[in-house]
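Q: The structure that follows is given in the form of structure tokens.
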Amino acid sequence: MSKPFKIGIVVDVVPLDKVAKGYEYFEVPASIHCDPLLCDADWEKQKALYKADGRPCMTSSHLLGPGTTWYGASGEKYDRELIQFSLEREFKRLSELGVKYVGCWGGHFRCQEGFSRSKAIDQAISSINLMADYAEKYGMEIALEPQGEKDTLFPRYLQGIEFAKMTGRRSVKVMADLNYFLELDQPLEDILKYPEYCINVHIQGDGGAQPNVGNREKIFLRLFEILKEANYDKGVSVACPWVITNGAKEIDYAYETEVTLAYLQKLRDKVYK
């Protein structure tokens, strides 16, 4: 019988002390909580919050920035010196939390109109080689996250796998993000074509909110069946902008994360019965 995947949560906006206790791991937002510009004293305070909770930090996301101001792993804003500085500090700090799978958003790998595609690919491979150097130093793997936008180098999931193969690095794999699968009408069955390459999964509900918002239950069940068939036993992270579902004036993260967790546990149990 296949071993069930673990249910985790991206804690980019949710305070650690408000996360429902049943989540099996944290997904660390690297460039936020392990920000290379944090002084060591502030980093130690942030690290202490994770250590006090005690849950594993199995995965991370937000490598090289949160995806809002700097798209620098290839293209017009490529800056190798900045990449080197950021990766050196982020990976060291992630290693102190025990992270195994480091997610890197595909939006960092762009080829803008008029920019040389071959040059952008060379820059991207150079950036990923730096990531792989650090990942292999600390016993981690990289999860490239195909992101869906046309000016990125690997907008689709299978393109992400081909790009990972192109790097030739054993530590470079991919992440499956449900939003981008649906946005580009990609079949979830693509995960089964190269199951060994999938090392992280992100899920969301309608409008990108938490999974229990909207009407994606059939999609979740199909995704979970595919993960079971693939013998995927790593993490499925709730990765979303949270919304209020109980009519409160301000979001109650303890309530929202608890309701979301119970919803996902029920669906997981249904597939792994």
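Q: Could you tell me whether any residue of segment 84-92 is touching a Leu at 6+ places or on another chain (Cβ under 7 Å), under 25 Å from D40 (Cα atoms), modelled with pLDDT under 95 and buried (at least 17 other Cβ atoms within 10 Å of the Cβ)?
A: There is at least one residue in segment 84-92 that is touching a Leu at 6+ places or on another chain (Cβ under 7 Å), under 25 Å from D40 (Cα atoms), modelled with pLDDT under 95 and buried (at least 17 other Cβ atoms within 10 Å of the Cβ).
Q: While we're looking at this one, here's another question. Go through (1) in a loop (DSSP other than H, G, I, E, B); (2) of a type outside the set (K, R); (3) in contact with a helix residue (DSSP H, G or I) (Cβ under 6 Å, 6 or more places away or on another chain); (4) farther than 15 Å from M140 by Cβ one by one and return the number of the condition L49 breaks.
A: (1)
Q: Restricting to segment 1-57, name every residue that is buried (at least 18 other Cβ atoms within 10 Å of the Cβ) and among the β-branched types (V, I, T).
A: I7, I9, V10, V11, V14, V19, V28
Q: Next question. Of the residues that sit in segment 214-228 and are touching a residue at least 40 places away in the same chain (Cβ under 8 Å) and of a type outside the set (K, R), which one is surrounded by the most Cβ atoms within 10 Å (Cβ to Cβ)? Talk me through it step by step, then tell me what you get.
A: First, the residues of segment 214-228 that are touching a residue at least 40 places away in the same chain (Cβ under 8 Å): 217, 219-221, 223-225, 227-228.
So of that shortlist, the ones also of a type outside the set (K, R) come out as 217, 219-221, 223-225, 227.
Details: E217: 15, I219: 17, F220: 21, L221: 14, L223: 21, F224: 23, E225: 14, L227: 26.
Residue satisfying both the conditions and the ranking: L227.
Q: Counting just the residues of segment 98-126 that are in contact with a Gly (Cβ under 8 Å, 6 or more places away or on another chain) and in a helix (DSSP H, G or I), which one comes out surrounded by the fewest Cβ atoms within 10 Å (Cβ to Cβ)?
A: Among those that are in contact with a Gly (Cβ under 8 Å, 6 or more places away or on another chain) and in a helix (DSSP H, G or I), it is G107.
Q: Considering only segment 232-262, state which residues are closer than 20 Å to D177 by Cα, assigned to a helix (DSSP H, G or I) and touching a helix residue (DSSP H, G or I) at 6+ places or on another chain (Cβ under 9 Å).
A: Here is the first cut: in segment 232-262, the ones closer than 20 Å to D177 by Cα are 232-243, 257, 260-261.
The next check asks that each one be assigned to a helix (DSSP H, G or I); those that pass are 257, 260-261.
Result: T257, single match.
Q: In segment 143-170, how many residues are of a type in the set (A, V, I, L, M), in contact (Cβ under 8 Å) with a residue 60 or more places away in the chain and either at positive phi or part of a strand (DSSP E or B) (or both)? Reasoning before the result, please.
A: Within segment 143-170, the first condition is being of a type in the set (A, V, I, L, M), and the residues that meet it are 143-144, 153, 158, 161, 164, 166.
Adding the requirement that they be in contact (Cβ under 8 Å) with a residue 60 or more places away in the chain leaves 143, 153.
Those left that are additionally either at positive phi or part of a strand (DSSP E or B) (or both): 143.
Adding up the residues that qualify gives 1.
Q: How many residues, within segment 1-27, are outside any loop (DSSP other than H, G, I, E, B) and either closer than 23 Å to D252 by Cβ or among the small types (G, A, S) (or both)? Explain how you work it out, then say what you get.
A: Here is the first cut: in segment 1-27, the residues outside any loop (DSSP other than H, G, I, E, B) are 6-10, 16-18, 25-27.
From what is left, the residues that are either closer than 23 Å to D252 by Cβ or among the small types (G, A, S) (or both) are 7-10, 16-18, 25-27.
The total comes to 10.
Q: Looking at Y263, Y232, Y253, which one is at pLDDT 95 or above, touching a Cys at 6+ places or on another chain (Cβ under 7 Å) and aromatic (F, W, Y)? If you could, list the steps in order and put the result at the bottom.
A: Working: Y263 fails: touching a Cys at 6+ places or on another chain (Cβ under 7 Å); Y253 fails: touching a Cys at 6+ places or on another chain (Cβ under 7 Å).
Only one candidate qualifies: Y232.
The values are calculated or read from the model by the stated rules, or taken from the named source; none is laboratory data. Since the structure is predicted, the reported quantities are computational estimates derived from the model, not experimental observations. So basically every Cβ, Gly included, is an ideal-geometry build from the backbone, and we count neighbours across all protein chains shown.
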